[in-house]
Amino acid sequence: MDDMHTVVVKKNPCAHDFSSTRRKKKVKNATKHWVCVKVKDWLIDDGTLTARVLQRKLKEHYKVSVHCKRVWMGKELALRTIASTICIDLKHKLRVLALAA
């Protein structure tokens, strides 16, 4: 190990999704897109969940604390993607019915 060509690789023992999930209290690199993906199924089941409730659920399931504003932005993005998916599915079904008639 004294030579200049040897490389030592160390592995982080903590499982993580972010660079610092275990080291910091608030996770700053959790984007609204990550939150959107994680909360989308919860919002499909119950669209009335608030950002605070989703924040608690993220803490329980993923052991990360995300700022409430970021959770709110991710929730809004998830609701928009759910609504657009429903709209696209409805348009497709109407097109199929129009072609069948």
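The values are calculated or read from the model by the stated rules, or taken from the named source; none is laboratory data. Computed from a prediction, not measured in an experiment: that's the story for all the values here. Cβ coordinates were reconstructed from backbone atoms using ideal geometry, including for glycine residues, and neighbour counts include every protein chain displayed.
Kindly list, by first and then second residue, each pair from a residue in the range 28-39 that is within 14 Å of L54 (Cα to Cα) to a residue that is among the hydrophobic types (A, V, I, L, M, F, W, C) and part of a helix (DSSP H, G or I), limited to pairs with Cβ atoms under 6 Å and residues at least 6 apart or on different chains.
K32/M73; K32/L77; V35/V71; C36/L77; C36/A78; V39/L54; V39/A78
How many residues does the range 42-54 hold that are in contact with a helix residue (DSSP H, G or I) (Cβ under 9 Å, 6 or more places away or on another chain), under 20 Å from I86 (Cα atoms) and part of a helix (DSSP H, G or I)?
Final tally of qualifying residues: 3.
Per-residue answers, yes or no, for (1) loosely packed, with under 10 Cβ neighbours inside 10 Å; (2) touching an Asp or Glu at 6+ places or on another chain (Cβ under 6 Å); (3) in a helix (DSSP H, G or I); (4) modelled with pLDDT of 85 or more:
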| site | (1), (2), (3), (4) |
| --- | --- |
| H16 | no, no, no, no |
| K25 | yes, no, no, no |
| V71 | no, no, yes, yes |
| K75 | no, no, yes, yes |
